[in-house]
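Novice: Quick one: this structure, given as C-alpha cells, is what I'll be asking you about.
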Amino acid sequence: MTHTPRPPKNLVAALLFLSGATALVYELVWSKYLGNVLGNSGQAHAVVLATFMGGLALGAFVFGRTADRVKNPLALYGVLELGVGLYALAFPTVLGALEHLWLAVAPHVPEHLRVGPRLMVSALSLVVPTLLMGGTLPALVRHFAASLAGVRRELARLYAINSLGAAVGVYVAGTRLVPLIGLSASATLAAGLNVFLALAALALARQHPPALVVGAAAAAEDVAYPRRAVRAALLGVMLSGFTSMLYQVTWIRLLSIVMGASTYAFTLILTAFILGIGLGSFWLMTREEGGDSLKLYGWTQVALVVSLCVALPLYVRLPHLFRWSEWMLTRSLETWPIFQAITFAFCCAVLLIPTFIMGAAFPAAARVATAKVSEVGRQLGGVYLWNTLGTISGAVLGGLVLMPFWGMQGNFVAGAVANLLAAGLAFHAVSHGQDGAGARAAPAWRALAPVGAAAVLAVAVLGGMHGWPQRLSHIAAIRVDSKPPESYAKLLEATEKRIRPRFYADDTFATVMVGEVPADNIRFMKINGKVDASNGTDIQTQVLAGHLGALLQPRDPKNVLLIGSGAAITAGSVLAHPVERLDLVEISPAVIDAARLFKDDNRNAVDDPRTHIHIDDAKTFMALAPIKYDLIVSVPSNPWVAGVSGLFTRDFFQLVDKHLADDGVLVQWIHTYESNQELVRLVMRTLRDTFPHATTWLGPSDLIMVASRKPLSFDAASVAARMARPDVKADLARVEIHDLFGLLFKQVHTEAGQQDFAGEGPINTDDHNLLEYASPVAFFLANVDVRVKDQRRAPDMGPGLLLHDYVRENPPTVEQVSGLYRNVERYHPENDPLVRRVAGLWHSLAPEDPEAALAFGRVVLAQGDVTLAASVLEPQIAKGVRSPGMMAAYLQLLTDRAWSSGTPWTPERPDAALAMGREVLARHPEDAKLEHAFEKFCEALPPPGCDAKPAAVPTAVPGSP
C-alpha cells in the first residue's frame, strides 16, 4: 500500500456542510420559481418535491457507481458542485423556455390530468441539478472509504453534516436571504458559493491525491450481511422514506393550524425537521460500530411509534400553549425575534425527537447494505434509490391522496403501521440469520416482542384519541385578542359551549372547518385555523366585492372570473347580476364543500348553473384560460398566509391584464387591519403600475380597489337602475345599502387620491415579493388603526369623490341618512369620525327625532365630547324620552361627566355600576326596578355623582312613562 496524505477531514466536511446549505437554498428558490409557473396548488407542490427528491436519488444511484470507478472521488465531488453552480446560473433561462412549453401543452390537457405536463416541466427543469447534487454524498463517502468500519462511521458523519448544513441553508434562505435580496439574487449567490466549493474541492484533490489501496486488503475488510438482512434494510429505508414525508406533510398542516401558515412558519418547521435528522445522524456517528445495525434500525422504528404516541396528547394542547405564549409577549419590532424563537421552540417540541430518530434510522439501515469498500458508492446509491422511492410515494400519496381520504389522524395511523412493519421486517431478518458480527440472534418471538408492545400502545393511544384533529381546529385561534383560559380543559369547555362545529375536512391544501355561534346567529369558515369568511362582520366586504365591479362598469359583465371562494358570498353577489358565466377558482376543494353550508347567505352560488368551479391555482388557471373576462374579482386570503402574496404582485396584475376584455374591470381586495400604511401603499402602487385607472372603496378595515385600463365613466342613472334590480337590491339591503347615496358613500379614494396615497417606492414582484415577508411581521404587530388618507374625512367631503358631486344635485333625505347611519354604525368603530359625521348629518336634518339625537349623542360621547353629548341627550330626557337606548346613553353620560369632574381622590370609574344599570334598562324597560336601579347607580358614582347635571333635569328618573 502506498500512502499519500489525505486532505484535512474537517475541511472536506465543511465543503459538504456548505453544499448542503446551498442545496436547500436552491430547493426553496426553485420551488417558488416553479410555483409561479405551475401554480401553488397541492398537486404542484407534490410534483416539485417528488421530482426534486427523485433527481437526488437518481444522482446518488448513477454517480455512486461512478465514484467506485474514478481515481479521485473528491475531484468528482468538485466537478459535481461546479455543474450545480453553473446550472443554477442558467436556471431562469431554462425555466423560461419550459414555461412556453407548459403554456403550449397544458391547455390541450383536461384540468384533472394536468399533473402530467406539470411533472414534465418540473422534471426537465430539475433533473440536471438534482442529479448532480445526488452524487455529492456518495462521492465523499467513497473518498473516505479506507475501511468498511470507516465507511459506516463516515456515512453517519457526512449525512449529519450535510443535513445540518441543509437546516442552516433553509433557515438563512427563508428568513434572511430571500426576504432581503429576492429569488434570482439568492440563487446567484448560492451559485457563486457552489463554484467556490467546486474550486476548493478540485484544489484539495490536486494537492492530496487519493491513497492507493490494495484490492485484496480492501476486500479483507468487507463484512457481508445475509441477503435477507440486506433486503430488510432496503425495504426498511423505503418505508422510512414513506413515513418521513407522510409525517412531514401532516406536521406542517398541524403546526400551520396552531401557529399560522406564514412563510416564516413553514421555514421554521422545515428547519426543525432537517435539524432533527442531522442531530440523529450525528448521534449515530458517535456510537461505536457494532454488529447490530439492523437491530438498531428496528429499534428506531419502534421508538418512532412510541414517540408519536407520547406526543399526541401534546398536539391537541398546542393551540392553548401557543396562545398563552403570544398573550404574554408585548407586540413590537423588538419582540418579533422572540416570537420567532418561540415559534421555533414549538416546532422543535413537536419535531425534534421523532426526526432525531429518523436521522439515526437511515444511516443505520445503510450500514447493512454497504458491505464492500470497493462498491460503497454503488451500494449507497442503491440505498438512496430505495429511500427516495418511499419519499416520493410519501410526498405524493400523503398530500394528494391520503390526507383528503382520511385526514391528519389517518396519516399518523398509516405512518405508525408502516414504522411497525419496517421494525418487524428488521427484527424478523435478525432472528433468522446472523448479524454483521456473526452472532446468532434471539428467537423470533422475543425479537418481535418490541413491535407487539408498540402496536398495543399505538392502538390504545391513537384509538383512544379519535377525533383529535377536529378538537385541534375547533380551539385553534390565529388571533389572540383576550387573555386565554387558564387551562386546556377550560379552553375546550368554553369553545364547545359557545361554538358548534358544522363541518370538518382535510384536503391536499387545507384543513377546513365551519363553526356556528348560535347565540349570535353567526356562521364562519376556518381555513388552517384562520377565520377566512363568515356571515357576520365580514359580510359587507364579501357583498360589495361582488357588486362594485358589476355596478361601476360601463356595461353589464357577461363573463366573470372570481378568485377565491371563501363562503361563496361574493359569488352569490356577482350572480345577482345578469352574468352568463362565472368561473370560480379555488385552490382547496374542501372550501367549496364547506361553502355549501352558506347557501342561505350566498344565494346557492356554488350550485348555480352559471358557476363553473375550478380547483386550481389562480395564476395557473389564468395563464391557461381560453377566454377573456369582462370582470375579474380577486378576494384571496390575507397576504401573510404563505402563497397568497403572489396574488398581489406586478406579475399577477399583468396576467390579469392579459385576460381582461378591452373595457374589463379588476376588483381587488386588500386589508388594512394587522397591516401598516407602507404595505397598503405597496399593493396600491403595484396595482397602479399595471392599471393606470383605479379607485378605492369600502374601508376602514377592508379596501376594495376597482381598476381598469381606461377611465370608467360614471352614469348615476345607469348605476341606480342596476341597483334597483330585485336581486341586487335585496342583496345590498342586507348590508344596509339601499340606494345610490349609500353606495357612493363607500368611495375612499378618487383616482388622484389613490395615486397620491400610493406615492413613489418599490413594486411587489414574484422575484422579490416584499409583501410575503413583511406582512407576517405586520400581522404580529397587530395594528388595527391604519390610516389611508380617506378622502371622506376631508372637511369638504373630498372634492372629486362621486358622492361629492352627486349630493349637490340630489340632497339626501332623512330616510337615506338614517339608513347610511345604520350601515356605518354597524361596520365602523364608534370612534370613527365618519360615524360622527353621518350621525351629525342625521341629527341636523331631523333635530327633533329622538333616534337621531340618540345616535349623535352616543357617537360624540364615545369620542369623549361630554359637553356636546349633554346638549343633545338632556333635552330628550327633559322631554320624557325613556327608551332603553336613551336611558343607557344617559347613564353613560352621567358616568363620564362624574369621572371628568372628579379629583385625584376619586375612586375607580364605576364600570360595574354602569353595566348593571344598562342591563336592567335593556331587560326591564317597563319594570318598576328601573328607578331603583338608577338610584343604585347614582349612589355608586363618585362625587358629585348624579348631582352634576343641570337643575332643569330631574334628579330621579320615573320608572316607566
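Novice: Hey, could you check segment 1-18 for residues that are under 45 Å from the mean Cα position of the chain (by Cα) and at pLDDT below 80 and say which is surrounded by the fewest Cβ atoms within 10 Å (Cβ to Cβ)?
Specialist: Taking the candidates together, the pick is Asn10.
Novice: Only residues that are of a type in the set (Val, Ile, Thr) and farther than 22 Å from Thr649 by Cα: list them for segment 26-47, please.
Specialist: Val47
Novice: Tell me whether segment 78-91 contains one or more residues that are closer than 25 Å to Asp617 by Cβ, assigned to a helix (DSSP H, G or I), in the same structural domain as Ser186 (by TED's automatic domain parsing) and out of contact with any helix residue (DSSP H, G or I) (no Cβ under 9 Å at 6 or more places or on another chain).
Specialist: Among the residues of segment 78-91, not one is closer than 25 Å to Asp617 by Cβ, assigned to a helix (DSSP H, G or I), in the same structural domain as Ser186 (by TED's automatic domain parsing) and out of contact with any helix residue (DSSP H, G or I) (no Cβ under 9 Å at 6 or more places or on another chain), which makes the answer no.
Novice: Of the residues that sit in segment 241-266 and are assigned to a helix (DSSP H, G or I) and hydroxyl-bearing (Ser, Thr, Tyr), which one is nearest to Asn528 (Cα to Cα)?
Specialist: Ser256
Novice: Where in segment 468-573 are the helices (runs of 4 or more DSSP H), entirely inside, with at least 3 residues that are within 29 Å of Phe322 (Cα to Cα)?
Specialist: Because the criterion is at least 3 residues that are within 29 Å of Phe322 (Cα to Cα), the helices (runs of 4 or more DSSP H) in segment 468-573 that meet it are 468-475, 488-498.
Novice: Quick check: is even one residue across segment 472-480 surrounded by fewer than 19 Cβ atoms within 10 Å (Cβ to Cβ) and modelled with pLDDT under 95?
Specialist: Looking for residues that are surrounded by fewer than 19 Cβ atoms within 10 Å (Cβ to Cβ) and modelled with pLDDT under 95, one finds at least one in segment 472-480, hence yes.
Novice: For Val316, work out the one condition from (1) aliphatic (A, V, I, L, M); (2) farther than 30 Å from Val459 by Cα; (3) in contact with a Lys or Arg (Cβ under 7 Å, 6 or more places away or on another chain) it doesn't fulfil.
Specialist: (2)
Novice: Moving to a separate point now. Within the group Val62, Val37, Val79, which residue is among the β-branched types (Val, Ile, Thr), touching an Asp or Glu at 6+ places or on another chain (Cβ under 8 Å) and at pLDDT 80 or above?
Specialist: Just a single option satisfies the conditions, and that option is Val37.
Novice: What are the residues in segment 653-677 that are free of Cβ contacts under 8 Å to residues at least 60 places away in the same chain and outside any strand (DSSP E or B), if any?
Specialist: Answer for segment 653-677, where residues must be free of Cβ contacts under 8 Å to residues at least 60 places away in the same chain and outside any strand (DSSP E or B): Phe653, Gln654, Leu655, Val656, Asp657, Lys658.
Novice: While we're on this one: Does Val178 meet the test of being part of a helix (DSSP H, G or I), surrounded by fewer than 21 Cβ atoms within 10 Å (Cβ to Cβ) and among the aliphatic types (A, V, I, L, M)?
Specialist: no
Novice: Go through segment 678-703 residue by residue and tally those that are in a strand (DSSP E or B) and touching a Ser or Thr at 6+ places or on another chain (Cβ under 7 Å).
Specialist: Residues that pass the stated criteria total 5.
Novice: Does Glu154 satisfy the condition of being surrounded by 21 or more Cβ atoms within 10 Å (Cβ to Cβ), modelled with pLDDT of 85 or more and of a type in the set (Asp, Glu)?
Specialist: no
Novice: Using the structure shown, decide if Met120 is modelled with pLDDT of 80 or more, among the aliphatic types (A, V, I, L, M), in the same structural domain as Ala191 (by TED's automatic domain parsing) and surrounded by fewer than 24 Cβ atoms within 10 Å (Cβ to Cβ).
Specialist: yes
Novice: Filter segment 576-617 down to the residues that are aliphatic (A, V, I, L, M) and in contact (Cβ under 8 Å) with a residue 60 or more places away in the chain, then identify the one that is nearest to Asp538 (Cα to Cα).
Specialist: Selected residue: Ala595.
Novice: Oh, and also: Quick check, is Arg317 of a type outside the set (A, V, I, L, M, F, W, C), assigned by TED's automatic domain parsing to the domain that holds Ile252 and in contact with a helix residue (DSSP H, G or I) (Cβ under 6 Å, 6 or more places away or on another chain)?
Specialist: So Arg317 fits the description; yes.
Novice: Also, I was wondering about something else. Going by the conditions given, is Ala489 modelled with pLDDT under 95 and either within 21 Å of Ala303 (Cβ to Cβ) or not assigned by TED's automatic domain parsing to the domain that holds Thr250 (or both)?
Specialist: Answer is no for this residue.
Novice: Considering only segment 123-135, I want to know if a residue exists there that is part of a helix (DSSP H, G or I) and either over 30 Å from Phe17 (Cβ atoms) or without any contact (Cβ under 8 Å) to a residue 40 or more places away in the chain (or both).
Specialist: yes
Novice: Of the residues that sit in segment 871-886 and are of a type in the set (A, V, I, L, M, F, W, C) and at pLDDT 90 or above, which one is nearest to Ala839 (Cα to Cα)?
Specialist: Checking each candidate, the answer is Val872.
Novice: Now for a separate question. Go through (1) hydroxyl-bearing (Ser, Thr, Tyr); (2) more than 31 Å from the chain's Cα centre (by Cα); (3) at pLDDT 85 or above; (4) over 21 Å from Leu275 (Cα atoms) and name the single condition Thr136 misses.
Specialist: Only one criterion is unmet by Thr136, namely (4).
Novice: For Pro711, state whether it is more than 16 Å from Phe757 (Cβ to Cβ), surrounded by fewer than 16 Cβ atoms within 10 Å (Cβ to Cβ) and assigned by TED's automatic domain parsing to the domain that holds Leu552.
Specialist: Yes; evaluated as a whole, the condition is true for this residue.
Novice: For Ile522, work out the one condition from (1) within 18 Å of Pro501 (Cβ to Cβ); (2) assigned by TED's automatic domain parsing to the domain that holds Trp697 it doesn't fulfil.
Specialist: The single condition Ile522 does not satisfy is (2).
Novice: Can you confirm whether segment 556-569 contains a residue that is touching a His at 6+ places or on another chain (Cβ under 7 Å), within 30 Å of Ser713 (Cβ to Cβ), of a type in the set (S, T, N, Q) and not assigned by TED's automatic domain parsing to the domain that holds Leu314?
Specialist: No, segment 556-569 has no match at all.
The values are calculated or read from the model by the stated rules, or taken from the named source; none is laboratory data. This is a predicted model, so every value here is computed, not measured. As a convention, Cβ positions derive from the backbone with ideal geometry for all residues, glycine included, and neighbour counts pool all protein chains shown.
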